[in-house]
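Quick notes on the structure that follows.
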Amino acid sequence: MFGGCSWHGTLTLTNVDEEGVVVYEAGMIRGVQQGETHGRKALARLLNWTAGTFEFSARPSPALHRGDPVPVDAAVLDALRLLDESRRSDPGAFPASAKLRVDREKVTASELELSQGEEAILDLAAVGMSVGKVIDVIPEPDQEIRQQLQGLVDRGLIAVVE
C-alpha cells in the first residue's frame with residue numbers, strides 16, 4: 001500500500017495505546033518509528049499489528065528522516081524477514097518487564113572480548129533499563145539481542161531479575 005496512492009507522505013498508525021509513523025518520499029522509506037524503536041525493526045513491529053487505525057498526510061514529516069532512504073519494496077521485505085525470524089525465537093526467556101542486574105566484578109575482571117551489542121546491553125542494563133527497553137533501544141534484530149542477552153547470562157555477567 002505504501003506509495004500506491006501517493007508518491008510521498010506520512011502515515012501515522014495507532015494500535016490501542018501504541019503509535020507508529022512511516023515517512024516516505026519518491027518511493028523511498030525515509031523514516032520509521034514505533035515507540036522508541038526506529039528503522040527496519042520498527043517497520044517489522046508495525047507490520048505485525050493486526051488491528052488499529054491510520055491517518056495519512058500527503059506531506060512527508062522531515063522530523064523523522066533518519067539514515068539513508070530505502071526503497072519501499074526492499075524495506076517491507078526486510079521487515080517481513082525480521083518479523084519471521086523473531087517469531088522463531090522464544091521471547092518468554094526474557095520477559096519485557098524484567099530488569100537486568102550487571103555483575104560489575106565479573107565484567108571488569110573478565111578478559112573476554114565483548115561484541116558491540118553485548119557492550120550496549122551491559123551499558124543499558126547498568127542504568128536500570130528493563131529487557132523490553134533494551135530490546136527497543138538497540139537497533140539490531142530482537143532475536144540477535146536475545147541471543148546476546150543469553151550469552152551474557154550464561155557467562156554470569158548479567159542476571160535477569162523479575
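Can you give me the C-alpha center-to-center distance between region 13-81 and region 110-150, rounded to a whole angstrom?
24 Å
Probe of 1.4 angstrom, ligands and nucleic acids ignored: what's the accessible area per residue over region 1-150, in square angstrom?
Using a 1.4 Å probe on heavy atoms only, each residue of region 1-150 averages 59 Å².
Each residue of region 98-108 in turn: what ³J(HN,Hα) in whole Hz from Karplus with 6.51, -1.76, 1.60 and θ = phi - 60°, glycine and Pro shown as x?
Using θ = phi - 60°, the values come out as 5, 8, 10, 10, 8, 8, 4, 5, 5, 5, 6 Hz.
How about region 11-114: which chymotrypsin sites (Phe, Trp or Tyr not before Pro) there lie in a loop by DSSP and see at most 15 other Cβ atoms within 10 Å?
Loop-located and lightly packed - Trp49.
Ignoring ligands, DNA and RNA, please state the percent of accessible area on the chain from carbon and sulfur, probe 1.4 Å.
C and S atoms contribute 52 percent here.
Calculate, in nm to one decimal, what Arg88 and Glu140 gain on full extension: separation in residues at 0.36 nm each, minus their alpha carbon distance.
Here the segment from Arg88 to Glu140 would lengthen by 17.1 nm.
Run the quick spin-label model on Glu18 and Ala63: label points 7 Å from Cα toward the beta carbon, then report their separation in nm to one decimal.
2.1 nm
For every other residue with a beta carbon closer than 15 angstrom to the beta carbon of Leu83, add +1 if it is Lys or Arg and -1 if Asp or Glu, then tell me the sum.
My count for the surroundings of Leu83 gives +1.
With labels modelled as points extended 7 Å from the Cα through the Cβ direction, what inter-label distance (nm, one decimal) is found for Arg155 paired with Ala74?
Roughly 3.3 nm, to one decimal.
Can you give me the relative contact order of the chain as a percent, contacts being Cα pairs under 8 Å and 6 or more apart?
Worked out over the chain, it gives 21 percent.
How many percent of Cα pairs in region 40-86 exceed 16 Å?
Tail of P(r) above 16 Å: 51 percent of Cα pairs.
The values are calculated or read from the model by the stated rules, or taken from the named source; none is laboratory data. Small disclaimer: the values here were computed from a predicted structure and weren't measured. We place every Cβ from the backbone using ideal geometry, glycine too, and count neighbours over all the protein chains shown. SASA here: full protein model, heavy atoms, side chains in, ligands and nucleic acids out. Shrake-Rupley method; radii C 1.70, N 1.55, O 1.52, S 1.80 Å.
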